[in-house]
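Okay, structure first, notes after.
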Amino acid sequence: AQKITQTQPGMFVQEKEAVTLDCTYDTSDPSYGLFWYKQPSSGEMIFLIYQGSYDQQNATEGRYSLNFQKARKSANLVISASQLGDSAMYFCAMREGMDTGRRALTFGSGTRLQVQP
Amino acid sequence: NAGVTQTPKFRVLKTGQSMTLLCAQDMNHEYMYWYRQDPGMGLRLIHYSVGEGTTAKGEVPDGYNVSRLKKQNFLLGLESAAPSQTSVYFCASSQIAGRRTGELFFGEGSRLTVL
């Protein structure tokens, strides 16, 4: 079974509008972490935001927020006021077993976002 | 401000040739990883290391070997390259603990083509 599912291969959004990128996850571990990374056309992986399974509030980092719905096992990324520079591939990732010290991330297949002027 | 550095950035191999990708990090991180990225499949973990002298298999380890002789370096080897190993390879590292509880820091990637 897929650990991380991103069902939107591609998305379009108008500049200055908000956009939500979907991510669902599958784990039976009570302690886990969820990450979003951005990969622009230049290829580097840029960390955006993190949400721990025990965190009471949704994470926010500037224009990025994570809509964490634990019961639905979803961790959607919301980008507010889209900019042309937001055009990139976005990956959702999960780390399971935070209490055990495991550190590797499992990645979804990604969503390509294109911001239109 | 180097962070994670991968060499080489690009390489073309013929089937059956061998090569080594080098990853170096200057952040004193304990954990290091090698991922491969293929279209439509995200990043998949090849091997990882939890400290100097240790290595472990990830999701797709076949055809690769790794070594972590020094804390700052993590080498990925292909003994007999196959066309299926054409991919972009990413090295990453992370701390044992931190505010973000283990955010991965990535290198810029190495594009490998096997003909």
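The values are calculated or read from the model by the stated rules, or taken from the named source; none is laboratory data. Note that the structure is predicted; figures quoted are calculated from it, not measured. Here the Cβ positions follow ideal geometry from the backbone for every residue, glycine too, while neighbour counts run over all protein chains shown. The area values use the complete protein model at the heavy-atom level, side chains included, leaving out ligands, DNA and RNA. Shrake-Rupley method; radii C 1.70, N 1.55, O 1.52, S 1.80 Å.
Results for (1) under 25 Å from A:Gly110 (Cβ atoms); (2) of a type in the set (Val, Ile, Thr); (3) under 10 Å from the mean Cα position of the chain (by Cα), shown as yes or no for each residue.
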{"site": "B:Gly3", "(1), (2), (3)": "yes, no, no"}
{"site": "B:Gln17", "(1), (2), (3)": "no, no, no"}
{"site": "B:Asp26", "(1), (2), (3)": "no, no, no"}
{"site": "B:Glu30", "(1), (2), (3)": "no, no, no"}
{"site": "B:Thr54", "(1), (2), (3)": "no, yes, no"}
{"site": "B:Asp62", "(1), (2), (3)": "yes, no, no"}
{"site": "B:Glu79", "(1), (2), (3)": "no, no, no"}
{"site": "B:Tyr89", "(1), (2), (3)": "yes, no, yes"}
Residue check, A:Ile79 against (1) under 23 Å from B:Glu108 (Cα atoms); (2) surrounded by 19 or more Cβ atoms within 10 Å (Cβ to Cβ), all met but one. Which one? (1)
Scan (1) more than 11 Å from every other protein chain (Cβ to nearest Cβ); (2) of a type outside the set (Lys, Arg); (3) open to solvent by 40 Å² or more (accessible area, probe 1.4 Å) for the single condition B:Glu30 breaks and write down its number. (1)
Being under 27 Å from B:Ala56 (Cβ atoms) and open to solvent by 20 Å² or more (accessible area, probe 1.4 Å) is the filter; apply it to region A:82-100 and report the residue that is nearest to the chain's Cα centre (by Cα). A:Glu96
At least 2 residues that are touching a Leu at 6+ places or on another chain (Cβ under 7 Å) and among the small types (Gly, Ala, Ser) in each: list the strands (runs of 3 or more DSSP E) lying fully within region A:1-108 that qualify. A:88-96
Could you please find all residues in region A:32-50 being facing chain B (nearest Cβ under 10 Å) and among the polar types (S, T, N, Q)? A:Gln39, A:Ser42
Kindly indicate whether any position in region A:21-32 is open to solvent by 60 Å² or more (accessible area, probe 1.4 Å), of a type outside the set (Gly, Ala, Ser) and at pLDDT below 95. yes
Pull out all pairs, ordered by first then second residue, where Cβ-Cβ is under 7 Å, the residues are six or more apart or on different chains, the first lies in region A:3-30 and is at positive phi and touching a residue at least 24 places away in the same chain (Cβ under 8 Å), and the second is of a type outside the set (Asp, Glu) and open to solvent by less than 70 Å² (accessible area, probe 1.4 Å). A:Lys16/A:Ala81; A:Lys16/A:Ser82
Restricting attention to region A:66-106, which residues are more than 14 Å from chain B (Cβ to nearest Cβ) and closer than 14 Å to A:Asp22 by Cβ? A:Asn67, A:Phe68, A:Gln69, A:Arg72, A:Lys73, A:Ser74, A:Ala75, A:Asn76, A:Leu77, A:Val78, A:Ile79
Given the criterion free of Cβ contacts under 8 Å to residues at least 24 places away in the same chain and either open to solvent by less than 10 Å² (accessible area, probe 1.4 Å) or assigned to a helix (DSSP H, G or I) (or both), identify the matching residue among B:Gly63, B:Gly51. B:Gly51
Does B:Leu78 satisfy the condition of being farther than 26 Å from A:Phe35 by Cα and open to solvent by 70 Å² or more (accessible area, probe 1.4 Å)? no
Which one of these does B:Gly58 not meet: (1) farther than 19 Å from B:Phe105 by Cβ; (2) open to solvent by less than 30 Å² (accessible area, probe 1.4 Å); (3) among the small types (Gly, Ala, Ser)? (1)
Pick from B:Gly42, B:Gly58: which is among the small types (Gly, Ala, Ser) and without any contact (Cβ under 8 Å) to a residue 12 or more places away in the chain? B:Gly42
Which of the residues belonging to region B:79-92 are in contact with a strand residue (DSSP E or B) (Cβ under 7 Å, 6 or more places away or on another chain) and either hydrophobic (A, V, I, L, M, F, W, C) or at pLDDT 95 or above (or both)? B:Ala81, B:Ala82, B:Pro83, B:Gln85, B:Thr86, B:Ser87, B:Val88, B:Tyr89, B:Phe90, B:Cys91, B:Ala92
